[in-house]
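Reading through the structure tokens given below for one structure.
The values are calculated or read from the model by the stated rules, or taken from the named source; none is laboratory data. What you see is a predicted model; the values in this text were computed from it and never measured. Reconstructed Cβ throughout: ideal geometry from the backbone, glycine too, with neighbour counts over all protein chains shown. The protein model used for the area step is the full one, side chains on, heavy atoms only, and it has no ligands, DNA or RNA in it. Shrake-Rupley method; radii C 1.70, N 1.55, O 1.52, S 1.80 Å.
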Amino acid sequence: MDWELLRTSFWPMLSGGLTGTIPLSIASFAIGLALALVVALMRISGQPVLSGIARFYVSVIRGTPLLVQLFVIFYGLPSIGLTIDPWPSAIIAFSLNVAGYAAEILRAAILSVPKGQWEAGHTIGMSRALTLRRVILPQAARVSVPPLSNTFISLVKDTSLASLILVTELFREAQQIAAFSQQFMLLYLEAAAIYWVFCLVLSSGQSALEKRLGRYVAH
Amino acid sequence: MSPTDPLLTATGLRKSFGDTEVLKSIDLRIDAGRVVALVGPSGSGKTTVLRCLNGLETPDGGTVAFRGGPSVEFGGKVSKKEALSLRDRSAMVFQGYNLFPHMTVLENIIEGPVRVQKRPRKDAVADAERLLGRVGLAGKRDDYPFNLSGGQQQRVGIVRALALQPDLLLFDEPTSALDPELVGEVLTVIKELAEEQWTMVIVTHELAFAREVADEVVFMDGGVVVEHGHPDQVLRDPREERTRRFVQRLLHPF
Ligand SMILES: Nc1ncnc2c1ncn2[C@@H]1O[C@H](COP(=O)(O)OP(=O)(O)OP(=O)(O)O)[C@@H](O)[C@H]1O
Ligand SMILES: [Mg+2]
């Protein structure tokens, strides 16, 4: 085994992870989650047009490959005169994708809160919006943490696709060093190991968050 | 309007769900400081009446008028705001408590006063603590609802309603989700409120309690008020056959 290569390639890859993979994941997830909330609320609004749009959006996002979505935005849009740089392209594609999946999670979580909670909010004089914010969403957040964590972990791994639109992140570093050194097995396994460690850290973060949000329910 | 007018007058309330007409012209008048017990068989529309009074449900027709406003006439074009304004005058205590599970007892109670009524937090907390002390739950202010017994949760539910300082308290079977040994502690609290001249409408199957606490009993069946009057009269010597049968069934279930 080429320990020297392992050592010299580790830092560029890790830094690709820390300056590429992680910020890309966090930014896309944050934007995607905000969008998802809008889509979820449209979906349960009871307004046929809004909920129709939301349903259509979710269907398209979930029914098409992420790689194709990424390519449409980065390689497709320039042909209609809209050229977007790699980083923003990646963030747009990943956010829109996360929104499609997270919208369904949030919708189910909101609907899982008992109707009596809405009524209790209303009887103390809260509007729908205030009840949603103060009563419903905090409870929906608790049930949606596990599925949303899975979405986030998938996203972290999926950001490796951004290497195909020239974003410098963990996997692109690995590809470049591999091409140069011709040590494909070693470098791709090393990349896999780093992704794995990232995901392990995230999973333990998920458990901590679940514990925190679950402090008010019986165990 | 004079001060001797009823606190609340509901006239001709109608409500249908799909094809089922649940309320067929309900009239109610509730004088300030009085306790009305609303009784009747399951499905007779008792909960729906309370919900209409509290603006949780929009009647198809009729009016709900509080002394000093709001007065809302349903049926035509009722603005959402108008219907919701009913909530400023009354507060509901639910059969299933419906406490906010993610908030402590104290947070449950001050949520409305602070977030909706915009009262200073310090005052709301002081009020909440005083009210909790009165229902024997002073030590529970920082507990989460899941740590409380059903009876304790319902007492918090009552305090949450009281903290809004409403003119009218609405109780929907406040003890029917409770284990029998916990019913007494909740009924005691309600009785004390009656003694303090709170105006209340209580849906209940506890006829002995109704007779003791209520100034008036309203018997509903099939979406209409069949009979109403003094508890002793309605519950001991009903005029209507339907009332008689209902009372008999409750007193002698088998
Ligand atoms: N949201 C709703 N949609 C459809 N039907 C409803 C709805 N709410 C109530 N109903 C129906 O209206 C009727 C009256 O209901 P309501 O809850 O007011 O009765 P109730 O007198 O409170 O009965 P109970 O003693 O069982 O609580 C019932 O037949 C019920 O099924
Ligand atoms: Mg009922």
Problem - Angle in degrees between helix A:86-112 and the longest Cα principal axis of chain A, rounded to the nearest 10 - result: 30 degrees
Fill in the blank from the handout: Comparing A:Ala99, A:Ala193, A:Ala174 in a Gaussian network model of chain A (Cα, 10 Å), the one with the largest mean-square fluctuation is A:Ala193
Practice task
Give the relative contact order (percent, whole number) for chain A; include only Cα pairs under 8 Å separated by 6+ residues.
Solution key: 29 percent
Exercise for the section: Please compute P(r) over all alpha-carbon pairs of region B:96-165, binned at 10 Å starting from zero, and give each bin as a whole-number percent. Expected result: 24, 60, 16, 0
Handout entry: Modelled label reach - B:Ser149, point 7 Å along Cα→Cβ, region B:87-103 residues with backbone N closer than 20 Å
Key = B:94-99
Completion exercise
Note to self, chain B gives a 222 nm [θ] from helices alone (DSSP H runs n ≥ 4, -39500 (n - 2.57) apiece, / all residues, nearest 500) of -10000 deg cm²/dmol
Completion exercise
Cβ-Cβ cut-off under 9 Å around B:Thr48, Lys and Arg +1, Asp and Glu -1: the net charge is +2
Practice task
Nearest 5 is fine: what % of DSSP beta bridges in the protein assembly as shown come out antiparallel, could you say?
Solution key: 55 percent
Completion exercise
Candidates A:Ile105, A:Ile91, A:Ile124; GNM for chain A (alpha-carbon contacts under 10 Å) flags as most fluctuating A:Ile124
Practice task
Report the full-extension gain for the segment B:Arg29 to B:Arg239: residue separation times 0.36 nm, less the Cα-Cα distance, to one decimal in nm.
Solution key: 73.6 nm
Handout entry: Pair B:Ala138, A:Gln182: separation of 7 Å Cα→Cβ label points (nm)
Key = 8.5 nm
Handout entry: Estimated translational D of the protein assembly as shown in µm²/s (Stokes, Kirkwood radius over Cα pairs; 37 °C; 0.692 mPa s)
Key = 125 µm²/s
Exercise for the section: Report, as a whole number in µm² per second, the diffusion coefficient that Stokes-Einstein gives for region B:101-225 at 10 °C and 1.306 mPa s using the Kirkwood radius over alpha carbon pairs. Expected result: 103 µm²/s
Exercise for the section: Report in % the part of the accessible area of region B:96-165 that belongs to carbon and sulfur, leaving out ligands and nucleic acids; probe 1.4 Å. Expected result: 46 percent
Exercise for the section: Starting from the coordinates of the alpha-carbon atoms of region B:1-124, obtain the Kirkwood hydrodynamic radius over all distinct pairs and give the value in Å to one decimal. Expected result: 16.2 Å
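Return the percentage of antiparallel bridges among DSSP beta bridges fully within region B:47-197, rounded to the nearest 5 %.
50 percent
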Practice task
Rounded to the nearest 0.05, what FRET efficiency do B:Thr58 and A:Trp196 give with R0 = 45 Å and r taken as the Cβ-Cβ distance? Could you check?
Solution key: 0.20
Handout entry: Neighbour net charge for A:Ser9 - beta-carbon separation under 12 angstrom, K R +1, D E -1
Key = -3
Completion exercise
Evaluated at 20 °C and 1.002 mPa s, the Stokes-Einstein D of region A:3-213 based on the Kirkwood radius over Cα pairs, in µm²/s, stands at 113 µm²/s
Practice task
For chain B, with a Gaussian network of springs between Cα atoms less than 10 Å apart, report the residue from B:Asp27, B:Asp88, B:Asp237 with the top mean-square fluctuation.
Solution key: B:Asp237
Exercise for the section: Express in % the proportion of alpha carbon pairs of chain B at distances exceeding 24 Å. Expected result: 48 percent
Handout entry: Tilt relative to chain A, helix A:48-63 - C-alpha long axis, 0 to 90 degrees, to 10
Key = 30 degrees
Exercise for the section: For region A:3-213, with all protein chains present and a 1.4 Å probe, just round the carbon and sulfur fraction of the accessible area to a whole percent. Expected result: 70 percent
Problem - Length-normalised contact order for chain B - Cα pairs under 8 Å, 6+ apart - percent - result: 25 percent
Exercise for the section: Would you please give the FRET efficiency between A:Ser203 and A:Trp11, computed as 1/(1 + (r/R0)^6) with r the Cβ-Cβ distance and R0 = 35 Å, to the nearest 0.05? Expected result: 0.90
Exercise for the section: Would you be so kind as to list the residues of region B:126-174 that have their accessible area lowered by at least 30 Å² in the full protein complex compared with their chain by itself (1.4 Å probe)? Expected result: B:Tyr144, B:Phe146, B:Leu164
Handout entry: Near-label residues of region B:112-142 by backbone N, under 19 Å of a point 7 Å along Cα→Cβ of B:Lys191
Key = B:134-137
Exercise for the section: Report, in degrees rounded to the nearest 10, the 0 to 90 angle that the Cα long axis of helix A:184-213 makes with the longest principal axis of chain A. Expected result: 20 degrees
